[in-house]
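Engineer: Below: one structure in structure tokens.
The values are calculated or read from the model by the stated rules, or taken from the named source; none is laboratory data. This one's a predicted model, so the numbers in the text were calculated from it and none came from an experiment. Methodologically, a virtual Cβ is constructed for each residue, glycine included, from the backbone with ideal geometry; neighbour enumeration extends over all protein chains shown. The accessibility values were calculated without ligands, DNA or RNA, using every heavy atom of the protein model including side chains. Shrake-Rupley method; radii C 1.70, N 1.55, O 1.52, S 1.80 Å.
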Amino acid sequence: MRSVSHLLLLVPLALSTPAPLTAQSDEGTAHSGVPVARAVPTEAIIQIDGLLDEAAWSTAPVVDEFTQVDPVEGAPASQLTEARILYDDQALYVGLRLHDTGQVTGRLGRRDMDLGDSDWVGVMIDSYHDHRTAFGFDVNPAGVRRDEVKVITQDDNSWDPVWEVATTVDDGGWTAEYRIPFSQLRFGSADVQTWGLQLERVIGRNREYAVSSFTPKSEQGGVPRYGHLVGLEGIEPGKRLEVLPYTVVRGEYVDPGLNPFRTDEEYAVSAGVDVLYRVTSDFTLNATLNPDFGQVEVDPAVVNLGVYETFFAEKRPFFVEGSEIFEFGSGGGGSLYYTRRIGRAPQLGAPTSAADIPIATTILGAAKLSGKTPSGWSIGVMEAVTAREEARFIDAGGVEDLAVVEPLTNYFVGRARRESNGGRTAFGGLFTAVNRNLDSSPVESRLRSAAYTGGVDFRHEFSDRTWAIRGSLAGSTVLGEPSAILAVQRASNHYFQRPDADHLDVDADATSLSGLSGQVSIEKQAGEHWRGELQL
């Protein structure tokens, strides 16, 4: 079974400090007047051990101007932070010396844990430089890591890239040394790159949050207001092809209960492969055959006493990769697709309780192409096929038989979005399709044969991003036999049969059901005295 681990070494630090780099304007990019950090190329081997003792670190300009967001907005940071950035053919290296005259606080915990009262430092990189999407890499003095994809001001912690970091703590503070492979980032094909950059520091005991590129709380901040990282030349996104095969041997020791087909000791062997191919530096093709989701974090236990489905966060690596490109609307109009339904537990049961039903639907294969063009187009296409699943059962006469509990199903999602005006304006569309192979009458009468959705969305920010107008319009339709469509009408999230709904009628002969969703909002998203949103 695959596993990745990193060893964090805690040892002292000694390093000379060169003169700092003065922040300056970068007039060749979408915004100017922001702090600028410069990355320096190196051919030296950088050992990720939490010691900035390689000679190459002394050649990198220092970024040390940090401004408080909290608790004293606009004041200089209470403690000195020095950041240096290097790069070679394969990775970006970030060295941070975090001076501290008080007590350094580092809490142990799981990956992506909440900040709590621990000290933290973060490196946020807008490698597309689209002023919309950034990749975040955080660490605390104990070596606990957080990583996330940021879209404007929202974080998605389900993204788990492969990167290295080591920390050390000493009497004068602590140190963090990063290695972020270019293969884990997405960026354009230009020979000379300019990226967005934000460095963040949290001093837990002071509840202090300081950044290298400061935006007042009265203004719209986030990814669009990051500083610049310059000096990157001739970099490549790493190996064009990565093939990761796996094998899993599983043993289960459980009480079989009413299942006559199982014993209290069950063994199984499975295999599959993940493939990542970089079509260009802008576009990545991900493919998987019989994916291994055995290492995915278990969902929390939920008791649902309502009429609507419980939606869990997507944590499977294949579906998380590039998921920000597939986002639709602004949340008010609902989501047009839910990837957790791909590979879910079979929807149907067996005719009797003496049955062996698969716990999940097998994903035979899936592929996804996603990326952004230099002209501002974001493109994403995903296709997945799940297997026909059957349950063994014993009927009332004691005869063993098979029942289809999930048909062969194809899932498709296509997304295109155009961004312009420095990320202030965006419009796009999304289309999804689900098609099931209903080749047996019992399944045909219980499940829909197909479902399609499509929609367009837009966003525009104006008055220096103080105001934003957003909207979306989407439609959906499901197809199937009359009995299957009747079940949709009577389901708890519709209740067409309820007596107080004079505008609804149950149609027992319908073979399709369609609907529309529209949403538009205007929001004052920045300002010192008031903010608000009007949504229809």
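Engineer: Per 0.36 nm of contour for each residue apart, how much would the distance between Val254 and Ser420 grow if the chain were fully extended, relative to their Cα-Cα spacing?
Structural biologist: Full-extension gain reported as 54.1 nm.
Engineer: So for the stretch 436-536, taking the charge dipole from beta-carbon charges (+1 Lys/Arg, -1 Asp/Glu), which of Ala491, Leu447, Phe458 sits furthest toward the positive end?
Structural biologist: Going by the Cα projections, it comes out as Phe458.
Engineer: Same structure again: May I ask you to give the percent of accessible area on the chain that is carbon plus sulfur, with a probe radius of 1.4 Å?
Structural biologist: 54
Engineer: Please compute the modelled spin-label separation between Thr310 and Val40, points set 7 Å along Cα→Cβ, answer in nm with one decimal.
Structural biologist: 5.4
Engineer: Can you list the residues of the stretch 39-81 with backbone N under 14 Å from a point 7 Å past the Cα of Gln90, pointing along Cα to Cβ?
Structural biologist: 43-48
Engineer: Compute the signed sum of charges (Lys and Arg +1, Asp and Glu -1) over the other residues within less than 15 Å, Cβ to Cβ, of Ala75.
Structural biologist: Taking every Cβ under 15 Å from that of Ala75, the sum is -1.
Engineer: Continuing with this model, one more query. Once label points are set 7 Å from the Cα along Cα→Cβ at both His460 and Ala75, what is their separation, rounded to one decimal in nm?
Structural biologist: So the label points at His460 and Ala75 sit 4.2 nm apart.
Engineer: Now a separate question. For the stretch 483-499, just list the computed ³J(HN,Hα) in residue order, Karplus coefficients 6.51, -1.76 and 1.60, θ = phi - 60°, integers in Hz, with x standing in for Gly and Pro.
Structural biologist: 5, 5, 5, 4, 5, 5, 5, 8, 5, 5, 8, 10, 6, 4, 8, 5, x
Engineer: On to the next question. Please give the contour-minus-distance gain from Arg207 to Glu242: 0.36 nm per residue of separation, less the Cα-Cα distance, rounded to one decimal in nm.
Structural biologist: Going from the current span to full extension adds 8.4 nm.
Engineer: Where does the charge balance sit around Gly454 when Lys and Arg score +1, Asp and Glu -1, over other residues with C-beta under 15 Å from its C-beta?
Structural biologist: +1
Engineer: Can you bin the stretch 395-525 into rounded, prolate or oblate? Criterion: square roots of the alpha carbon gyration tensor eigenvalues sorted a ≥ b ≥ c, rounded for a/c under 1.5, prolate for a/b above b/c, oblate for the rest.
Structural biologist: prolate
Engineer: Spelling out what I want: for every residue of the stretch 128-139, take phi, set θ = phi - 60°, compute 6.51 cos²θ - 1.76 cosθ + 1.60 (Karplus), and round to whole Hz; glycine and proline get x.
Structural biologist: 5, 6, 9, 6, 9, 10, 9, 10, x, 9, 10, 8
Engineer: Assuming R0 = 30 Å, can you tell me the calculated FRET efficiency for the pair Tyr452 and Phe496, based on Cβ-Cβ distance, to the nearest 0.05?
Structural biologist: The pair Tyr452/Phe496 has a calculated efficiency of 0.90.
Engineer: Further, regarding this structure: Using R₀ = 56 Å, calculate the FRET efficiency as 1/(1 + (r/R₀)^6) where r is the Cβ-Cβ separation of Ala55 and Asp395; round to 0.05.
Structural biologist: That gives a FRET efficiency of 0.15.
Engineer: Next up: Report the charge-dipole magnitude of the stretch 403-472 in Debye, nearest 20, computed about the Cα centre from +1 at each Lys and Arg Cβ and -1 at each Asp and Glu Cβ.
Structural biologist: Charge dipole of the stretch 403-472: 220 debye, to the nearest 20.
Engineer: Follow-up question, since we're still on this one. To the nearest 20 Debye, how big is the dipole of the chain about its Cα centre, given +1 on the beta carbon of each Lys and Arg and -1 on that of each Asp and Glu?
Structural biologist: Dipole magnitude for the chain comes out near 860 debye.
Engineer: Give me the number: length gained by fully extending Val302 to Ile469, i.e. 0.36 nm times residue separation minus the C-alpha to C-alpha distance, one decimal in nm.
Structural biologist: 56.6 nm
Engineer: Taking loop as defined by DSSP and a crowding limit of 14 other beta carbons within 10 Å, which trypsin sites (Lys or Arg not before Pro) in the stretch 306-385 fit?
Structural biologist: Of the trypsin sites (Lys or Arg not before Pro), the ones in loops of the stretch 306-385 whose Cβ has at most 14 other Cβ atoms within 10 Å are Arg344.
Engineer: Counting heavy atoms of the protein chains only and a 1.4 Å probe, report the per residue accessible area for the chain as a whole number of Å².
Structural biologist: On a per-residue basis, the chain sits at 48 Å².
Engineer: Would you list, by chain and number, the lysines whose Cα falls below 18 Å from the Cα of Lys315, excluding same-chain residues fewer than 8 positions away?
Structural biologist: Lys150, Lys368
Engineer: List, in order, the whole-Hz ³J(HN,Hα) value for each residue of the stretch 412-426 obtained from phi through the Karplus relation with A = 6.51, B = -1.76, C = 1.60 and θ = phi - 60°; use x for Gly and Pro.
Structural biologist: Along the stretch 412-426, the couplings run 9, 9, x, 9, 9, 8, 10, 10, 8, 6, x, x, 6, 10, 8 Hz.
Engineer: Also: What 222 nm value per residue comes from the helices of the chain, counting each DSSP H run with n ≥ 4 as -39,500 (n - 2.57) and dividing by all residues, nearest 500 deg cm²/dmol?
Structural biologist: Using -39500 (n - 2.57) per qualifying helix, the result is -500 deg cm²/dmol.
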